[in-house]
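Data first, discussion second: the structure below is written as structure tokens.
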Amino acid sequence: MIEEINDLKWIPYFLVFLLVINPSFADSNFSNIQRMIQFDSSGVNMGCRASSINKEARPLNSVYLPNGCVLARFQDMTIDQFRDIRLKAGGLIVLLPKNLLDLSLEEKENIFLLEQAMLVEEISIPVYFSNYDEEIDRIISEINQNPSKGSAKQQSALSEIFKKISANSYQIVVSGSHSPKKDSRIPIIQGELIPFKQSSTDSQTKLPVIIISSQLKPFGISNSQPPNFDATIMLTLADIFSKLYNQVTSSAKYRIVFVLDESGSLLNYQGTKKWLENNVEENIHNIEFAICLESFSESIGDLFMHVSKPPKEGTSVYRFYEILEKKTKQYSQKSLESVHKKINLADSFFKFPHERFSMKRVSSFTVSSLKSHSEPLKTSMFSDHTSTSVLNSESELNSAITENIQTNTKILAEALASYIFNFNDDENEEIFTGSLTITDKTMRPYIAPKSLSKSNNLKLAFEKLLKNVKVTYDISTDRDPDFVFYDGEEAKLNVYNVKPAVFDLFLTSLIGCYLFSIYFIVLHFPKVYTIISKFAYNPVQPATNGIHLKKAN
């Protein structure tokens, strides 16, 4: 009996072994990720409303979404899958593509549409974005594998259970916060170019004004700042026109006011609204027109001029449109189309920035490379020819990007100069040549400008090129805020290699059976001993040395 009991001593060691091979917090991988943007605009809650994740990693096609966090590549996910995840899953980690240029046209269009769908309404689950990481990409490939897929023979239920028990899985842990920022504000910076001979203040204020307005988008679908090529074009225009104004012998007829605010369509052009309230109402009679830049180089196709009312013949806007159309044909293979859309007063969100000016009865229009406000590129953190979501002044731009930005800037600059200096329509004189030529070197200092809240470079550029530079802020009020920003832009992604939940169930059952067996043996030890003794007793038979005795008759 004692020997039999000693033979069972291996069971506790086996259980300890099972505990050891279940490392709940082993093989941790760390990666910085960006939380999906969360903000409130004009009373509408937008973006992700949660931040913490502690769930098991699931693939896109998983049927166990409520208990898991979906880990997926951006280009693999469809709009229908995202909507299903938003309603059922416990979280979502999206891996951004390594290079957008490597994707097919269909994959890129899917990304643009998916971005727009994700920004339509608030999302109750935490959503994070990660720049391309080989380790995360490997984990996605691993959890997407299906061992039984494609096998000719149906696996038995016992075999499937064993595979689930023996398999490894990944635990996604993200700790984050999402409380409202107390200092939610939108920076607005302005400066102006004044003709060289207009030295007195009185003569300056009497000159008609041309406004060039643009937005520095502070975020896209994530908190990463988009490339902001519109701000690049505006700063390039300020650069070359400041040189032009210093070179001309005769005085120009217009002051040019440059206004750059950090809002955009997602924030309903709130910065433009604030600037108009503070500056335009008293000087509205001096404004010739306002040029708004919106997605002017996001696409490499034709150009569009958006207006709230069709310009009448003889007006300043109509004349500028004719010049711009001519310069578009002269300096590119593109065409210019006028797009008229009335302002919908019942809609609280404006479609283009010029509508903010039109509401103040200022002649205005938006020049864009997009034909409609509903095109996904308008709110995308990508453009259709960029390779990364974030660019900086040192990064090497793709040649298609550089050429497209230079071409569009050249068209707008030549048209504006022709209007200011009143060149005849039949003249094809090129103004920006020689030292004024728009080159990659000219635009390089203004690629992807940083927010005023993060860097002082934008203000320094304005002060170098323009006069009367002023920075103001649209500050959100606590009582009735027009906008609210939230913290928790970045977080740390922890990925742990763990056993699946079914393994814990199996281990718990095994330990329970072991403890119950011990309890049963102790409680009924005499009976158990008797039963074991019967099987353990094996009397030795006498040896016959191979001789078989026969029974006598």
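The values are calculated or read from the model by the stated rules, or taken from the named source; none is laboratory data. As the structure is a prediction and not an experimental result, all values here were calculated from the model. Note that each Cβ is placed from the backbone with ideal geometry, even for glycine, and that neighbours are counted across all protein chains shown. Accessible surface is based on the protein model in full, side chains and every heavy atom, while ligands, DNA and RNA are left aside. Shrake-Rupley method; radii C 1.70, N 1.55, O 1.52, S 1.80 Å.
Can you tell me which of 113, 158 is at pLDDT 75 or above, open to solvent by 50 Å² or more (accessible area, probe 1.4 Å) and more than 23 Å from residue 66 (Cβ to Cβ)?
Criteria check complete, one pass: 113.
Restricting the search to region 121-144, which residues are of a type outside the set (D, E, K, R), part of a helix (DSSP H, G or I) and open to solvent by 20 Å² or more (accessible area, probe 1.4 Å)?
141, 143, 144
Show the residue pairs meeting these rules: Cβ distance below 6 Å; 6+ apart or different chains; first residue within region 302-319 and in a loop (DSSP other than H, G, I, E, B); second residue of a type in the set (Ser, Thr, Tyr).
302/335; 308/358; 311/318
Residue 106 versus (1) in contact with a Leu (Cβ under 9 Å, 6 or more places away or on another chain); (2) of a type in the set (Asp, Glu); (3) modelled with pLDDT under 90: which is the lone unmet condition?
(1)
Against the definition (over 30 Å from residue 129 (Cβ atoms), open to solvent by less than 50 Å² (accessible area, probe 1.4 Å) and modelled with pLDDT under 90), how does residue 407 come out, yes or no?
no
Is at least one residue of region 454-461 surrounded by 15 or more Cβ atoms within 10 Å (Cβ to Cβ), in a loop (DSSP other than H, G, I, E, B) and at pLDDT 90 or above?
no
Restricting to region 33-61, count the residues that are surrounded by fewer than 18 Cβ atoms within 10 Å (Cβ to Cβ) and either in a strand (DSSP E or B) or in contact with a Cys (Cβ under 6 Å, 6 or more places away or on another chain) (or both).
3
Just to be sure I understand, how many residues within region 73-120 are in contact with a Gly (Cβ under 9 Å, 6 or more places away or on another chain) and in a loop (DSSP other than H, G, I, E, B)?
Summing the residues that are in contact with a Gly (Cβ under 9 Å, 6 or more places away or on another chain) and in a loop (DSSP other than H, G, I, E, B) in region 73-120 gives 3.
Within region 340-371, can you find the residues that are small (Gly, Ala, Ser) and free of Cβ contacts under 8 Å to residues at least 24 places away in the same chain?
346
What number of residues in region 85-95 are open to solvent by less than 60 Å² (accessible area, probe 1.4 Å) and farther than 17 Å from residue 222 by Cβ?
Residues meeting the conditions: 2.
Counting only residues that are outside any strand (DSSP E or B), open to solvent by 50 Å² or more (accessible area, probe 1.4 Å) and charged (D, E, K, R), how many does region 462-507 have?
Total meeting the criteria: 8.
Given the residues 399, 393, 374, which is the only one that is under 29 Å from residue 194 (Cα atoms), at pLDDT below 90 and surrounded by fewer than 17 Cβ atoms within 10 Å (Cβ to Cβ)?
Within the list 399, 393, 374, the selection yields 393.
Out of region 68-83, which residues are more than 28 Å from residue 372 (Cβ to Cβ) and open to solvent by 40 Å² or more (accessible area, probe 1.4 Å)?
73
Matching residues to (1) in contact with a helix residue (DSSP H, G or I) (Cβ under 6 Å, 6 or more places away or on another chain); (2) farther than 30 Å from residue 53 by Cα; (3) free of Cβ contacts under 8 Å to residues at least 60 places away in the same chain:
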position	(1), (2), (3)
434	no, yes, yes
440	yes, yes, yes
449	yes, yes, no
456	no, yes, yes
468	no, yes, no
484	no, no, no
503	yes, no, no
512	no, yes, yes
